[in-house]
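Here is the structure we will look at, set down as structure tokens.
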Amino acid sequence: MKKDTELVARKSDHIKINLEQDVRSALTTGLERVRFIHDALPDLSLDEVDCSVTLFGKRLNAPILISSMTGGTSEAETINLRLAEAAQATGVAMGVGSQRAALEHPEQTATFQVRRAAPDILLFANLGATQLNYGYTIDHCRRAVGMIQADALILHLNPLQEAVQNNGDTNFAGLAKKIEDVCKKVGVPVIAKEVGWGISGETAKILADCGVSAIDVAGSGGTSWSQVEMHRAPDEFTRQLAATFVGWGIPTAESIQMVKKALPNMIVFASGGLKDGLDIAKCVALGATLGGMAGQVLKAAAVSTEAAIEMMRLTQKQIEVIMFACGAGVLSALESKINQHM
């Protein structure tokens with residue numbers, strides 16, 4: 001019961017810390033070294049620009065993912081519903097936070113159930129991969145998907161966060177075989193996702209062999225979950241341990257390139273420090289299908305649904321204007337419109 005209470009308290013702490021503290025990585029995303037080539041005479045009208053994308057059978061108005069953030073508390077329910085309303089209104093994808101809280105506390109289920117606000121969106125369920133070493137089974141994965149009528153399942157990978165967390169779940173041994181089993185049996189596409197330290201080409205190949213349908217690199221340059229854990233550390237030893245890793249990880253831009261070099265045909269999502277439509281467009285130019293944003297969207301949703309909708313609309317418009325200003329009528333054309341200084 002003590003562990004259960006800690007789980008709910010941790011979810012509440014994570015929201016509060018992300019909203020109130022500076023938890024940024026000491027690294028940058030690397031996207032500042034990617035620049036678009038301006039086209040002073042684009043052979044198209046702004047109205048013709050099409051930044052839509054079709055993924056897992058659903059059409060999105062823009063390559064935007066509201067990244068997995070929260071759930072498991074009453075505050076999280078409010079935020080998740082606002083995020084879902086914004087996703088529905090603007091036609092973008094959304095992932096929920098880890099559903100472990102709801103699987104272990106069924107009374108928390110409603111905090112994740114956003115289909116009531118977003119019947120049409122591309123929606124991702126979410127569980128920590130390491131839980132497969134702590135008693136979780138295919139049934140748990142199916143329940144997570146069914147709980148929110150999800151289109152796909154995210155299995156998130158967070159070894160460093162667990163290692164610097166008080167009483168973290170740090171047994172990652174043999175997980176690849178269990179991820180492979182989930183991919184074969186869960187019945188929906190599986191997305192492997194880091195939480196902010198990136199995925200290397202070598203790891204991506206292992207995940208591809210497991211059968212994942214997409215990889216969210218979630219690179220360094222944005223929220224550092226070791227910094228989040230530092231702020232909630234129970235003692236000075238744990239605080240100093242977490243603080244060590246403020247500059248750890250693979251920057252987002254580098255991680256996208258590593259994965260695409262290793263696996264040219266893998267569907268890649270890019271998250272980790274993306275601030276706006278310009279960052280998303282850069283990630284698409286590097287090979288990503290979607291760009292995920294979390295921190296800023298969380299802050300907007302904490303204000304209101306309208307604020308979150310406005311942020312999504314602005315982000316889409318930024319992408320469209322970027323495409324127009326470099327002469328790219330469709331997203332696939334962005335790849336040839338960049339200069340890299342990396």
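Rule-based calculations on the coordinates, nothing more; no lab input. Since the model is a prediction, treat every value here as computed from it, not as a measurement. Cβ placement follows ideal geometry from the backbone for every residue including glycine, while neighbour counts extend to all protein chains displayed.
Quick look at the numbers
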item	result
Inverse mean reciprocal Cα-Cα distance (Kirkwood Rh) of the range 200-342, Å	16.7
For His156, His105, His231, order by how many other beta-carbon atoms lie within 10 Å, fewest first	His105, His231, His156
For a label point 7 Å along the Cα-to-beta-carbon line of Asn171, residues of the range 127-161 with backbone N under 15 Å	129-137
Distance in nm between pseudo-label sites at Lys299 and Ala40 (7 Å out along the Cβ direction from Cα)	3.6
Pairwise label distance in nanometres, Leu314 with Ala243, each label 7 Å out on the Cα-Cβ vector	3.4
Ascending count of other beta-carbon atoms within 10 Å, so fewest first, for Ser255, Ser304	Ser304, Ser255
Computed FRET value (nearest 0.05) for Glu75 with Ser332, which takes r as the C-beta separation and R₀ as 45 Å	0.70
Kyte-Doolittle mean at least -1.0, axial Cα span of 27 Å or more - DSSP H helices of the chain	305-325
Efficiency of FRET from Cβ geometry, Asp276 and Glu48, R₀ 22 Å, rounded to 0.05	0.45
Most mobile of Phe36, Phe56, Phe245 in a GNM of the chain (Cα contacts under 10 Å)	Phe56
Alpha carbon centroid spacing (whole Å) that separates the range 257-272 from the range 79-125	26
Residue-wise HN-Hα coupling along the range 162-169, computed from phi with Karplus coefficients 6.51, -1.76, 1.60 (Hz; x: Gly, Pro)	5, 5, 9, 8, 5, 6, x, 8
